[in-house]
């Protein structure tokens, strides 16, 4: 229906009163009233390429440009709580118009609505959740022989090598780097299975290891003793277990079969004190070490495949859709058994060449001696992905190193068996023994978990005070037989609970236990490999005892995590939460339903509707689960605890650098990560990459000039000379955008000066300062970090800002007219260009000239619709056609709702934004992309948000006269000015009276307030504003300073902002008073005024109030001469309640303005006429 023209609606909203509406309706509007309603067919809303067609689609016209831009955008609607009738509604246009009407500047709307925000992001891999079909289940421990016809026993590994001109030094060339491409061209990507093999690898410890298969006595020699060590490559790998009378070796045993990584077996030696001529030979096998690559995009880690295993040591593991990223420091089984690999990674493995031999009849009679000849054939087989291993459900892969519930923090080692009851002494000396159903073998390891295992009981020795053999009678256990009349003595000199892991040798003759682990740290953890009862369990050391950890027994079993409250208190901490029912949190995961188990997950799923995969429901357990203690509910946000265990002390930091106009004057300036010429602190040893990814720093940018970025030692500058250029640790100096990304890399050397500068080599005053400091961290342990986080992720340096939008409809008339942006964009990184609804890629689909002219690789045709979103630093960006997008604190979860149960389809757009907003992202969100090799910054989501300053609340009160904040402030300001004049007049009147000589200043104030408030009622505005306490309802105290109460003497008392605590106040000398007043608790209901010689003192400037168990005292501030002196009179007025004073509040009293200390200002300037 065509819109009826209504004249009153053309007025500013604040003038659209009922009286004016009625006036226009009865007069002017009659000229334009339609006789009948007219129905029209057309679109309303934003124009988004795929819908818009200039020839076929009709959009209903709007009376104003703003209404055209903001059709169907979110609005605030306020209803009557009882009737649900709409009281009023506010659109984004109304907000802008209201701010403009109130005198605000609205040209730079991005500044108006800038605010901090929180992005919803459970700590999972977003790509595995969204694009699960790109991933295949190939755990390293799976046996692939059957499904590959014997071609591949395990997942193949890709060989990596250097070249003759570029070798690889391990681990420094790779570990800790953000990205890496090997000299042989291998591009490191997360999940790639590799081995280092070739002639150009430096660092054999990362290439192979040797296993000793057998030891043979070649020459027995003489003079040897049992337990003489057998050594290969500097490592004890065995020992002598038997000798004859002459010391000839008759038996040996392998005690440690694996040599140190990278060591090559040499001559076998025997460590002995007297033996000679004995010769032991060994056989051994070399095995390549293979690794999974993880951490690309952040910090590369090499995950040794020897640490990986399947649940229950299966060789054909079930697909596990709930897992943890490989490489967790705690060595949990979710992480160790993770087998998900991207299909592109699987396709990159080299082919395997197989030689086969077959028998066939002889083809040459001359040699036909036997029946068959042999035919050899060579075939190459590429690794083929099995469709049965493809994911068919979203994969929930948690970030590594989030603290698990009831678990250790660092994996120590794998242990063969656990012994819960026997002691070390009870086992040693036996020929054989079974523990937990396993016949113990040499080289097995045993974990003793029972506290009694550390104590060996022996007979009383009769030599100490505590010997209980009181009668020496052997018949009663005394006499040194069994420990005396009352019990046993204890010997534990070589055994503590912190050294509970021991290795077995001597099986078959006399078992001996050798300590393996000593000096355990709290939260060290072990895995049990064998046993009927304890196989597959894990145990952690809490500093006192060994505890069985949370156990993973099957696939698709969610890990449970610890949670903390706002004060970083563990929810199961009994000292704070007595009888807490917290037993771990799943954080995020599938919502379990009822009925039939899902064929992939093994438990029933919950659906929003139907049974489509997009309808599968997921739970935000951080919000959905509740926990209680002692009948109370634990309230507030819950946080998980994430550790960062760096591979290196030195860090790699990336900065994005660009050039934009100076925001504070003329010329151009460097912008680093969006900030104009910031001063940066660089740490010696760290590497900083200053990257130029946008044309603004080059001749193709708006300035039509190159801006080469370099670092200098001083501020002296001359165009083109690069004065004082600093090159230590720098590669790629004088960087700028040259058609592709350019990087200045600065690895700050230890000799770098304390101050450096960054400059443009051609243009002055574009740069800033670099402060160079030493790294306070000197060890890897010191570099470890802890972060408490929840589902709402914030990046403190990022703010919600609005981008500009420009639309362009291509027609035959303008097809040759270039599209020109009306404001200079900050960077192409902050720009999105859509053609007919499809996002274009800079450099591939379009380029820019002068930063503002768009050049399309594929020529535009009539009816193409172009929509451009871009950020700008311009302070006056709005022109004829561009406009601001609706701020996200109105459009995206403006009511700050929490997330509980959601579906895949509801999460898709938000998770998609996290993926595509990663720096350096390439590919398509719903297909192949490189997200897995980016930083995976979870704070970059832009759809499901929470806001520090949601606009909806402001809009809800903006059109309500009773709640109009600017109008209210104006009203209060005007009333306060009226009060000021009346009060000053009343004071002047008193000062001109005869009574003034008998009044104190406080009494003058009381009398003046009483005079101007004579006719006021307690129901009048501002009666209880509590601006001051006044009247005669107070308690008075007077103290004359004398030698007794002059406790501060020569002591100064100054407030330190870093150490203001009540304890500090209590320890300061002061004046004890009778009145009890706590400024923190009583400021809204009570008042205490302090006067020195009838001059009022100022709280927190002249004195503070100290409250404690000894009562209340006034602590005077300042130097000894500034404090009260002997004979000074201190007078107090204590009001135990406020009386009405009808003083309008000031901005300072409301907490929205600065507080000024009362003072007198003297203008000593000499003025002359003229």
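Going through 1143, 1130, 1114 one at a time, which residue ends up being at negative phi, surrounded by 16 or more Cβ atoms within 10 Å (Cβ to Cβ) and in a loop (DSSP other than H, G, I, E, B)?
Answer to the selection: 1143.
Checking each residue in region 1088-1104 for being part of a loop (DSSP other than H, G, I, E, B) and within 15 Å of residue 1036 (Cα to Cα) picks out 1093, 1094.
What number of residues in region 804-822 are assigned to a loop (DSSP other than H, G, I, E, B) and either at pLDDT below 95 or exposed (fewer than 14 other Cβ atoms within 10 Å of the Cβ) (or both)? Total satisfying the criteria: 9. Of the residues making up region 1079-1093, none is farther than 30 Å from residue 1014 by Cβ, over 47 Å from the mean Cα position of the chain (by Cα), crowded, with 19+ Cβ neighbours inside 10 Å and at pLDDT 90 or above. In this structure, does residue 992 turn out to be without any contact (Cβ under 8 Å) to a residue 60 or more places away in the chain, surrounded by fewer than 16 Cβ atoms within 10 Å (Cβ to Cβ) and out of contact with any helix residue (DSSP H, G or I) (no Cβ under 9 Å at 6 or more places or on another chain)? The answer is yes for residue 992.
From 1119, 1131, 1107, 1112, grab the single residue that is closer than 22 Å to residue 1033 by Cα, in the same structural domain as residue 1014 (by TED's automatic domain parsing) and within 48 Å of the chain's Cα centre (by Cα).
Values: 1119 fails: closer than 22 Å to residue 1033 by Cα; 1131 fails: within 48 Å of the chain's Cα centre (by Cα); 1107 fails: closer than 22 Å to residue 1033 by Cα.
Answer to the check: 1112.
Mind listing whichever residues of region 903-933 are closer than 22 Å to residue 615 by Cβ, more than 19 Å from the chain's Cα centre (by Cα) and without any contact (Cβ under 8 Å) to a residue 40 or more places away in the chain? Those that are closer than 22 Å to residue 615 by Cβ, more than 19 Å from the chain's Cα centre (by Cα) and without any contact (Cβ under 8 Å) to a residue 40 or more places away in the chain: 906, 909. Consider region 554-590 and keep the residues that are in a loop (DSSP other than H, G, I, E, B) and in contact with a helix residue (DSSP H, G or I) (Cβ under 7 Å, 6 or more places away or on another chain). The one that is surrounded by the most Cβ atoms within 10 Å (Cβ to Cβ) is 587. Output the residues belonging to region 728-743 that are buried (at least 16 other Cβ atoms within 10 Å of the Cβ) and outside any loop (DSSP other than H, G, I, E, B). 730, 735, 742, 743, listed by residue number. In region 961-968 there is no residue that is at pLDDT 90 or above, in contact with a helix residue (DSSP H, G or I) (Cβ under 7 Å, 6 or more places away or on another chain) and surrounded by fewer than 18 Cβ atoms within 10 Å (Cβ to Cβ). Number of residues in region 908-964 that are more than 30 Å from residue 101 (Cα to Cα), in contact with a strand residue (DSSP E or B) (Cβ under 8 Å, 6 or more places away or on another chain) and part of a loop (DSSP other than H, G, I, E, B) equals 7.
Cβ-Cβ distances below 9 Å connect the following pairs, each with a first residue in region 146-164 that is assigned by TED's automatic domain parsing to the domain that holds residue 181 and farther than 15 Å from residue 192 by Cβ, a second residue that is surrounded by fewer than 16 Cβ atoms within 10 Å (Cβ to Cβ) and modelled with pLDDT under 90, and a separation of six or more residues or different chains: 148/381; 149/381; 150/354; 151/352; 151/354; 151/381; 152/352; 152/381. Looking across region 528-538 at every residue that is closer than 16 Å to residue 336 by Cβ and surrounded by 21 or more Cβ atoms within 10 Å (Cβ to Cβ), the one that is nearest to the chain's Cα centre (by Cα) is identified as 538. Say whether the condition of being outside the structural domain of residue 160 (by TED's automatic domain parsing), over 59 Å from the mean Cα position of the chain (by Cα), part of a loop (DSSP other than H, G, I, E, B) and touching a residue at least 40 places away in the same chain (Cβ under 8 Å) is met by at least one residue in region 241-252. Looking for residues that are outside the structural domain of residue 160 (by TED's automatic domain parsing), over 59 Å from the mean Cα position of the chain (by Cα), part of a loop (DSSP other than H, G, I, E, B) and touching a residue at least 40 places away in the same chain (Cβ under 8 Å), one finds none in region 241-252, hence no. The residue that is surrounded by the fewest Cβ atoms within 10 Å (Cβ to Cβ), counting only those in region 591-622 that are in contact with a helix residue (DSSP H, G or I) (Cβ under 7 Å, 6 or more places away or on another chain) and part of a loop (DSSP other than H, G, I, E, B), is 609.
The single condition among (1) assigned to a loop (DSSP other than H, G, I, E, B); (2) assigned by TED's automatic domain parsing to the domain that holds residue 437 that residue 540 does not satisfy is (1).
Being over 48 Å from the mean Cα position of the chain (by Cα), at pLDDT below 90 and part of a helix (DSSP H, G or I) is true of residue 995. Those residues that are in contact (Cβ under 8 Å) with a residue 60 or more places away in the chain and farther than 9 Å from residue 300 by Cα, I need them from region 170-187; list them, please. The answer is 171, and nothing else.
The values are calculated or read from the model by the stated rules, or taken from the named source; none is laboratory data. Because the structure is predicted, anything quoted here is derived from the model rather than measured. Cβ: placed from backbone, ideal geometry, glycine included. Neighbour counts: every protein chain shown.
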